[in-house]
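One structure below.
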Amino acid sequence: MNTLHRLTARAFGWRALALCAAALALSGCETLSPKVDVAQPTSVRPSAATYAPVANGSLFQNTAYRPLYESHRARMVGDIITINISEVITAKTETSSSLEKKGSVSSEITAVPLANVTQLAKLAAAGSSNNKFDGKGTTSANNNFTGSITATVIEVLPNGHLIVSGEKQIGLAKSVDVLRFSGQIDPYTIQPGNTVLSTQVANVRIEQMGRGANQDAQRIGWLAHFFLSISPF
């Protein structure tokens, strides 16, 4: 009976260890594939217009009115707008420090009553110290992201600003390149051609990632990441 309890406890221990390893592996996968908080959904269909014609015999119906010379800029949910992505981030930091300290001490006895001169010559002490520290560090980062994507207006805020979100997927062989974008646009920054620069978009979220064999080849395995996560080095 004791042997059965011992085997059951051992099996339970291995099962708990396996569950912990699986949890760490899943958390490791999330760490290896960080997510960008792109506004969802990335596309939305415009609401179907409902017209209630009034039997007043007039050619002008207020419910179905659209301006003859209206602007082609995006302004309603479901409209599309082209984002010209041009993000350049450059940062550089340099630090330098130097510290030096020197010290010395010496002592000598020339005369002592009832002592021989030859013995006094040995009564001398001297010491010195020298500490020097030089430190230098340089950190630099240069990121350049250019491209374009056509996004959809998914929400119109009370102040008239547009929340846009879009997704582009390009498949080549066994790999897929995915580009996602979302942000908040002031309609006054929309340029002719219904385009806007990404530098004039607020709360920008850009995600560019790959799927397929090439991406899997560059990803570390979950078991290797598990041991790296618990390693103290």
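Remarks
- Here the label points at Q191 and T146, each 7 Å from Cα along the C-beta direction, are separated by 1.3 nm in the simple model.
- For the range 184-192, putting each phi into the Karplus relation 6.51 cos²θ - 1.76 cosθ + 1.60 with θ = phi - 60° gives couplings of 10, 10, 8, x, 6, 8, 6, 8, x Hz, in residue order, rounded to whole numbers and with x for Gly and Pro.
- Each of V88 and S128 was given a label point 7 Å from its Cα along the Cα-to-Cβ line. The distance between the two points is 5.5 nm.
- Difference of contour (0.36 nm per residue) and Cα-Cα distance, S97 to A55: 6.6 nm
- Links that overshoot a 19 Å alpha carbon limit, given the list K35/K168; K92/K132; K92/K136: K92/K132
- Formal net charge of residues neighbouring N131 (Cβ-Cβ distance under 12 Å; K, R +1; D, E -1): +1
- 3J(HN,Hα) from dihedral phi, the range 168-174, Karplus parametrisation 6.51/-1.76/1.60, rounded to Hz, x for glycine, proline: 10, 10, 10, x, 9, 6, 10
- The accessible area of S71, taken with all protein chains in place and a 1.4 Å probe, comes to roughly 70 Å².
The values are calculated or read from the model by the stated rules, or taken from the named source; none is laboratory data. Everything numeric here is computed off the predicted structure, so don't read it as measured data. Cβ sites come from the backbone with ideal geometry, for glycine too, and all protein chains shown count toward neighbours. Protein only, heavy atoms only, side chains kept; ligands, DNA and RNA dropped before computing areas. Shrake-Rupley method; radii C 1.70, N 1.55, O 1.52, S 1.80 Å.
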